[in-house]
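K.L.:
Shown below is the structure under consideration.
The values are calculated or read from the model by the stated rules, or taken from the named source; none is laboratory data. As the structure is a prediction and not an experimental result, all values here were calculated from the model. Counting neighbours? That spans all protein chains shown, and the Cβs are built from the backbone with ideal geometry, glycine included. All accessible areas refer to the heavy atoms of the entire protein, side chains included, with ligands and DNA or RNA removed. Shrake-Rupley method; radii C 1.70, N 1.55, O 1.52, S 1.80 Å.
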Amino acid sequence: MLLGGDVQPLAAEAIACGADTVILAEHPLLEPYTTDPQTKVMAGLVLEHKPDMLLLGATPNGRDLAGRLAVRLRTGLTADCTDLTIDEKSGLLVGEVTGFGQGILATIECPRHRPQMATVRPGVFTRPQPDPSRQGDVRLVPVELSEADQRVRVLRRSTSKGVDITQAERLVVGGRGVQGDFALLRKLARLMGADVGASRVAVDQGWVGHDRMIGQTGSITRPKLAIVCGVSGATQFTVGIQDAETVVAINSDREAPIFETADYCIVDDVFQVLAPLIDALEREKAGKKG
Amino acid sequence: MPGLHTIVCLKVVPKSEEVSVDPETRTLDRGNARSEINGQDMNALEAALDLKDTYGGRITILSMGPPFFEPFLRLGLAMGADAAYLMSDRAFGGADTLATSYTLAAGIKAIGGCDLVLCGEESSDGATAQVPPGIAEWLDLPQITYVSRVQVMKKARLLRARRQLQSGYEMVETLLPCVLSVKLGINEPRFLDFQRWEWAMEEAPVTVWTAADLGLDEGYLGLPGSPTAVSSVGAAPSAQRRGEFLSGTPQEEAQQLLERIRPLVRLS
Ligand SMILES: Cc1cc2nc3c(=O)[nH]c(=O)nc-3n(C[C@H](O)[C@H](O)[C@H](O)COP(=O)(O)OP(=O)(O)OC[C@H]3O[C@@H](n4cnc5c(N)ncnc54)[C@H](O)[C@@H]3O)c2cc1C
Ligand SMILES: Nc1ncnc2c1ncn2[C@@H]1O[C@H](COP(=O)(O)O)[C@@H](O)[C@H]1O
C-alpha cells in the first residue's frame, strides 16, 4: 500500500523491488503524513483486502500509525522487530524483538487476530536489488477524505534529505563523549568514505539528526567497519552495531562496556587519537595524488 | 476560567541495567532489579507541571500496575501533581499494548476525562511506543507523538507542538483535548517539593481501582485481552569480537589501528 499526495512514481520502484501488487491511495490530505487521514484510509484498505499480515517501518511516523491502526483493527502488533520469520507448522508470523537489559531477545506471535501486525526496524533486512524488468499490478483506489478527518494540522516542516545509515558500508559513530564536536568525526568519515552515526544521547542533544541514530530506537546497521567514539556501549546502542563486521571502540574509560563488543579497543581521549589517524590518511591520500 | 486538567500516564520500570537473563532457564530475571519511574514519563510529568505553572489547573497521575507502584506515584505527587490513580488487579496482568491502552483509556474516562493526556514516548521495558496512540484511538482523540516542545493557547484551546521526524521535525497544532507522547530528555524534571512531602507520602489519596470497580469487561483486559503472545525469551547471542587492546601514545594507537583497518578503508 502506498499512501500519499503524489506517490505514483514510487509504484514502479516497489514492483522492481519485489511487490506483486501496489495499491495506490492518493489525496492531498495524505501528504504530509498526519495520523487521522492515514489511519482512516489504511484501515479501510485492510478491511477490504483482509491481508494476513501488515508490516510497517518502525520510523517515528510508522510507529505513530501502527499503534493507532492496531487498536482500530483490534489486532495485535509486534513493535520494532529485528527479524521476521514464518513458523513452518503454524504458518504464523514470528516477530523477534530485543528487550532491555543485557541483550534480551523475545519472539512474539499473534495467533488469533488478523492482520498480524508488525513494525520493522530500519535496516534489519537488506534492501532488494531492483529488477526493472519485473512486472506487477498497480491499482489506484478512490480516497474519500475531508478536512474534518484531519484533526492535527502541520504548520511547518523542516526535513533534510535524510541519510540512510542502514546502508552504510562504513560508519564513524559519536556519543556523548565527543561533547558536541562532530567536526573531526565528519572529517574522518569524509576521508574514508563513511557515514556519520550517533548514539541516542548525541541525537537528543541535537548534535546530529535523528536519522543518524544507531540502536534500539535508531537504526540497525551492518557496516563492514564501525569506528565508535565516546559511546559507553549500552545494550540499546550495541544492538544497532552487533552485525557490523569490524568494530573499533575509542573511549577514555577502560571499564566502558563498549569494549566488550569491539574488535579493536583504544583507551584514550577520542580527539587525541582521531587527529593522528586523520593525518595519516591525509598523507596517504596526498601521496597517491602526487 | 479554570486551568488545564492534565492526566499523566506514568509507568514504573525496572532499572534496565539491573535486569538480566537467567542463563539456565533463559527467562527474565528481575529479581534484583530496583525500580524507577520510566524516564520519559518523568519528562511528561515535568511538561505537565510546567503547563500548570503557567496556566494553573491540576494534574492527575494514572498508572496501571502492581501495588508496589504506589510509592512511586506519591513521588509524582510530591513533585507537584494533585491526585493519583493506580489501576491494580490480577486481571490486568500480562496485558499487551492493546489491553494496556484499553485499560488506561478506561481509567481516563473514569477520572472524568481531561484537557490533555501526557505520556512518555516509550517505556524502557516495553519500548513499543504504542500505548499513547492506542489510548488516543480508544478515546477517539487526536494524537501527537515524539513531542519535544509544547505550547498551549488556552483561550483558543489550541495546542502547538514540535514533533520529531525520521530526518527533521515539524510544528503541528490541534484542539484540546488530545494525547501527547514526549521524548526522553526534553526537560529537566524538577526536584521534590519538600513542603509537599508529608502530604504526598501520608495524606494524599492514591485511589486504587480494580477491574470490578470500573465495571470493565475482562475479555478486554490482561492476558485474555491481548492478541499478541510471547513465544520465547532468551539472551541475545553476542557476536564474537576480537577484543584486542591497542596501546601506546595516541599516535602509536592510531598507527596500529590504521594497520589493522586499512583494508576496510576506501580513501575518498
Ligand atoms: C527504551 C530505550 C531505548 C534506547 N534506545 C537507544 C538507541 O537506539 N540508541 C542509543 O544509542 N541509545 C539508546 N538508549 C539509551 C542508552 O541506554 C544509553 O543511554 C545511550 O546509548 C548512551 O549514549 P552514549 O554512550 O553516547 O553516552 P554515555 O553513556 O554518557 O557515554 C559516553 C561515553 O563517552 C566516554 N567519553 C567521555 N569523554 C571522552 C573522550 N574525551 N574521549 C573518549 N571517550 C570519552 C565516557 O567514558 C562514556 O563511556 C535507549 C534507552 C532506552 C531506555
Ligand atoms: N502500565 C502503564 N501505566 C501507565 N502508563 C503506561 C503504562 N504502560 C505504558 N504507559 C504510558 O505509555 C508510554 C509508552 O509506553 P510503551 O508503549 O509501553 O512503550 C509510557 O511512557 C507511559 O506514559
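K.L.:
Going by the structure shown, is B:Leu192 open to solvent by 20 Å² or more (accessible area, probe 1.4 Å) and under 21 Å from B:Thr60 (Cα atoms)?
P.N.:
Criteria met by B:Leu192.
K.L.:
Of the residues A:Leu93, A:Leu45, which is within 11 Å of chain B (Cβ to nearest Cβ), at negative phi and open to solvent by less than 40 Å² (accessible area, probe 1.4 Å)?
P.N.:
Testing whether each residue is within 11 Å of chain B (Cβ to nearest Cβ), at negative phi and open to solvent by less than 40 Å² (accessible area, probe 1.4 Å) leaves just A:Leu93.
K.L.:
I'd like the residue in segment B:107-125 that is open to solvent by 20 Å² or more (accessible area, probe 1.4 Å) and away from ligand 1 (no atom under 16 Å from the Cβ) and, out of all such residues, is farthest from the other protein chains (Cβ to nearest Cβ).
P.N.:
Out of the qualifying residues, it is B:Gly112.
K.L.:
Quick one: A:Asp204 ticks every box in (1) away from ligand 2 (no atom under 16 Å from the Cβ); (2) within 11 Å of chain B (Cβ to nearest Cβ) except a single one, so which number is it?
P.N.:
So the condition that A:Asp204 fails would be (1).
K.L.:
Another question about this same structure. I'd like to verify a number: residues in segment A:182-207 that are within 16 Å of ligand 1 (Cβ to nearest atom), open to solvent by 20 Å² or more (accessible area, probe 1.4 Å) and not polar (S, T, N, Q), how many?
P.N.:
If we filter segment A:182-207 for residues that are within 16 Å of ligand 1 (Cβ to nearest atom), which is where we start, we get A:182-185, A:188, A:195-207.
Retained after the next criterion (residues that are open to solvent by 20 Å² or more (accessible area, probe 1.4 Å)): A:183-184, A:195, A:200-201, A:204-207.
Filter once more, so that each one left must be not polar (S, T, N, Q): A:183-184, A:195, A:200-201, A:204, A:206-207.
So the count comes out to 8.
K.L.:
Collect the residues in segment B:126-141 that are open to solvent by 10 Å² or more (accessible area, probe 1.4 Å), within 7 Å of chain A (Cβ to nearest Cβ) and more than 10 Å from ligand 2 (Cβ to nearest atom), keeping them in residue-number order.
P.N.:
Of everything in segment B:126-141, those that are open to solvent by 10 Å² or more (accessible area, probe 1.4 Å), within 7 Å of chain A (Cβ to nearest Cβ) and more than 10 Å from ligand 2 (Cβ to nearest atom) turn out to be B:Glu137, B:Trp138.
K.L.:
Among A:Gly123, A:Gly101, which is at the interface with chain B (Cβ under 7 Å from one of its Cβ atoms), at pLDDT below 95 and at positive phi? Steps first, please.
P.N.:
Details: A:Gly123 fails: at the interface with chain B (Cβ under 7 Å from one of its Cβ atoms).
Answer to the selection: A:Gly101.
K.L.:
Considering only segment B:194-268, give the strands (runs of 3 or more DSSP E) lying wholly within it that have at least 2 residues that are more than 25 Å from the chain's Cα centre (by Cα).
P.N.:
Fully inside segment B:194-268 and qualifying: B:244-246.
K.L.:
Follow-up. Select, from A:Val270, A:Val248, the only residue that is of a type in the set (Val, Ile, Thr) and in contact (Cβ under 8 Å) with a residue 60 or more places away in the chain.
P.N.:
Values: A:Val248 fails: in contact (Cβ under 8 Å) with a residue 60 or more places away in the chain.
Residue meeting the stated conditions: A:Val270.
K.L.:
Something else about it: Could you figure out which of (1) within 19 Å of the chain's Cα centre (by Cα); (2) open to solvent by less than 10 Å² (accessible area, probe 1.4 Å); (3) under 12 Å from A:Gly175 (Cβ atoms) isn't true of A:Phe237?
P.N.:
Evaluating A:Phe237 over (1) within 19 Å of the chain's Cα centre (by Cα); (2) open to solvent by less than 10 Å² (accessible area, probe 1.4 Å); (3) under 12 Å from A:Gly175 (Cβ atoms) leaves (2) as the failure.
K.L.:
Restricting attention to strands (runs of 3 or more DSSP E) lying wholly within segment A:130-181, give those where 3 or more residues are within 16 Å of ligand 1 (Cβ to nearest atom) and of a type outside the set (Asp, Glu).
P.N.:
A:170-174
K.L.:
What single numbered condition from (1) buried (at least 21 other Cβ atoms within 10 Å of the Cβ); (2) facing another protein chain (nearest Cβ under 10 Å); (3) out of contact with any strand residue (DSSP E or B) (no Cβ under 9 Å at 6 or more places or on another chain) fails to hold for A:Gly215?
P.N.:
The single condition A:Gly215 does not satisfy is (2).
K.L.:
For A:Thr59, work out the one condition from (1) closer than 17 Å to A:Leu145 by Cα; (2) within 12 Å of chain B (Cβ to nearest Cβ) it doesn't fulfil.
P.N.:
Condition not satisfied by A:Thr59: (1).
K.L.:
Within segment A:279-290, is there a residue that is more than 8 Å from ligand 1 (Cβ to nearest atom) and touching a Lys or Arg at 6+ places or on another chain (Cβ under 7 Å)?
P.N.:
Checked segment A:279-290: no residue is more than 8 Å from ligand 1 (Cβ to nearest atom) and touching a Lys or Arg at 6+ places or on another chain (Cβ under 7 Å).
K.L.:
Could you run through segment A:268-290 and say how many residues are of a type in the set (A, V, I, L, M, F, W, C) and more than 7 Å from chain B (Cβ to nearest Cβ)?
P.N.:
Of the residues in that region, 6 qualify.
K.L.:
In the set A:Thr238, A:Thr217, A:Thr246, which member is assigned by TED's automatic domain parsing to the domain that holds A:Glu169 and within 16 Å of ligand 2 (Cβ to nearest atom)?
P.N.:
Among A:Thr238, A:Thr217, A:Thr246, only A:Thr217 is assigned by TED's automatic domain parsing to the domain that holds A:Glu169 and within 16 Å of ligand 2 (Cβ to nearest atom).
K.L.:
Do we have B:Thr128 as under 19 Å from the mean Cα position of the chain (by Cα) and either within 16 Å of ligand 1 (Cβ to nearest atom) or outside any loop (DSSP other than H, G, I, E, B) (or both) here? Can you show your working first?
P.N.:
Values: under 19 Å from the mean Cα position of the chain (by Cα): yes; either within 16 Å of ligand 1 (Cβ to nearest atom) or outside any loop (DSSP other than H, G, I, E, B) (or both): yes.
Criteria met by B:Thr128.
K.L.:
Would you point out which residue out of B:Arg196, B:Arg157, B:Arg190 is of a type in the set (D, E, K, R), more than 9 Å from chain A (Cβ to nearest Cβ) and within 19 Å of A:Gln150 (Cα to Cα)?
P.N.:
B:Arg157
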